[in-house]
1. Calculate, for residue 229 and residue 298, the FRET efficiency according to 1/(1 + (r/R0)^6) with r their C-beta to C-beta distance and R0 51 Å; round to the nearest 0.05.
2. Determine, from the Cβ-Cβ distance of residue 258 and residue 413 and an R0 of 35 Å, the FRET efficiency 1/(1 + (r/R0)^6), rounded to the nearest 0.05.
3. So, in nm, how far is label residue 102 from label residue 532 when the simple model puts each one 7 Å beyond its Cα toward the Cβ?
4. With r as the distance between the Cβ atoms of residue 47 and residue 17 and R0 = 22 Å, compute the FRET efficiency 1/(1 + (r/R0)^6) and round to 0.05.
5. Using only the alpha-carbon atoms, how far is helix 542-551 inclined from the longest principal axis of the chain? Give it as 0 to 90 degrees, nearest 10.
6. For the range 464-535, what does the alpha-carbon gyration tensor say about shape, rounded, prolate or oblate, given a ≥ b ≥ c as the root eigenvalues, a/c under 1.5 as rounded, and a/b over b/c as prolate?
7. Where does each of 206, 369 land when they are ordered by accessible area, with a 1.4 Å probe and the largest first?
8. Under the Karplus relation 6.51 cos²θ - 1.76 cosθ + 1.60, θ = phi - 60°, what is the ordered set of whole-Hz ³J(HN,Hα) values for the range 33-45, x standing for Gly and Pro?
Amino acid sequence: MDFKRRKMRLGDILTEQSVITPEQLDEALHESKIEGKRLGDTLVEKRFCTEEQIAGALADQFDLDVVDLTTREVPEDIAGMIKSQMAKKYNAIPFAIDPERANVLMVAMVDPMDLDAIDDLSIVTNMQIQPVVTTPTSIIQALDKAYGRAEISSVADAYAKEKEMEAAAIAAQNEEYNEDIENSPIVQLVKGMIEQAVRQRTSDIHIEAMEGQVRVRYRIDGALYERMTYSPRLLPAIVARIKIIGGMDISEKRKPQDGRITQIVDKQEFDIRVSILPTVHGEKVVMRLTSKSALSRSKSQLGFNEEELKRFDHIFKNPHGIILVTGPTGSGKSTTLYTALSELNTEDVNIITVEDPVEANIDGINQVHVNAKAGLTFAAALRSILRQDPDIIMIGEIRDGETGSIAVTASITGHLVVSTLHTNSSSATIGRLADMGIEPYLLADSIVGIIAQRLARRLCPACKKPKTPTEEEREIMQLEPGEEVTIYEPCGCGKCDMTGFKGRIGVYEILETSPAIKRLIAKNADAEEIKNVAVSEGMNTLRMAACKYVKQGITAVSEMVKVSFDS
């Protein structure tokens, strides 16, 4: 390898290969100097180029290979040749021994120009180092997979030993203790648990007290997977730490508590809602992880097809009326509402939300947090909001007839009201509101659209396998006799953590209230009648929408059944 060329700077390499322009380089250099960031990070943040383009340019310049660590398993014995601290310091991980040269270790690196790293790795492993280029995202995931669980286990062991040895060390008020708090094992354990969960695309962390152990499970793409177990002796310390950072009462162990944590992982801010519930064997903790950027994504990322996107846009163009998003907990209702509000959030519009709790702070929107103890219920907040000259009102959830009635009144008097409701389909929503005591003629006058939604797991594109549907699957999909269709089933590979699925996609049923449907609502027609008319006017039911995804190879029949069981 040409060492002189290795000393070339990244910016020069990227401009020489026309990945970025000299002007973009000057701007990025200026900003990275001011903010103290690496040039590569600044270039990616400013969208001048991608991580993959940087890796490709470095590989071309030095005639190196590029490796995607997300698609391959790093053997434990190979990763274990260096300590995790060194791997993280140099953003590098050994992943294989050269098949032709037994004394050459292949090391994936973000920066193959780092001679100090190559020298140190060579000394520690007593082998020659062959650098291979990879991306920062790829290396973070590989480091987490290779060392994450071992690190969390080691801090758990360290804490257990610390507890056995510390008879006199309960000087929690000591100044030295406060300085060292961030480095204490239990703090590292909780922090590491959250970081590992984020990197595995987790939506909820469950810490469960059982008779002989503490079990930690992550909900990934809607399904729970056990990730680690601890000694029951660690539970009080883990829960106490979570209570401290979540702003809860650490002395209260008999009542349920709710809290909130903000943590930055891999330069992304996460809002974590914490719920603690006393159980027979101790307190159970559930932490719901929400990325602020995920709640303000563009509507094209929600999974609408072209027809659904037109309907969605048309509904939200209404100047007044009620728009409802329905579905069970965890079906993506909040994401859809926040996305719509972000689109509507312009300088000439006054948007006020009333939520329990506020899930993400959005600039330019006035958000109210419900506080039942202080008498600030949904209904009380709504009455006050109506005196605040709003154009658009977002209600976190319509839970009772009083809230529903105020929402209807607000929509009829010229406001656009958006809210959520827990119902199984768009047509069943009308009946639910009528059951709350709202007059059908008022509903017919106020509702402009209802979006029922679910989330289906996407098949992993790297390992999904084509198959011919069985008779039972043909019946579920309501295929015509003789209709030839290829569907796909999950398999499992390193890229999807052997689950067969990676990510989720929204499945939508969008009901626009046409004059015909308004007449049915006014005469209190049942849900089936409303659904039939809506389908005849072009609405896709949840089952029809999910079936399209199955035919396109995006999801599996098992997921279609889950999201549209009651269709």
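The values are calculated or read from the model by the stated rules, or taken from the named source; none is laboratory data. Remember, it's a predicted structure, so these values are computed and weren't measured experimentally. Note: ideal-geometry Cβ built from the backbone for every residue, glycine included; neighbour counts use all protein chains shown. Accessible surface areas use protein heavy atoms only, side chains included; no ligands, DNA or RNA. Shrake-Rupley method; radii C 1.70, N 1.55, O 1.52, S 1.80 Å.
1. Efficiency, from the Cβ-Cβ distance: 0.80.
2. 0.55
3. Taking the two extended label points, one gets 7.8 nm.
4. Numbers: r = 18 Å, r/R0 = 0.81.
E(calc), rounded to 0.05, equals 0.80.
5. So the inclination is approximately 40 degrees.
6. oblate
7. Details: 206 20, 369 100 Å².
Listed by decreasing accessible area, they come as 369, 206.
8. Rounded to whole hertz, the list is 5, 5, 8, x, 9, 6, 4, x, 4, 5, 4, 6, 4.
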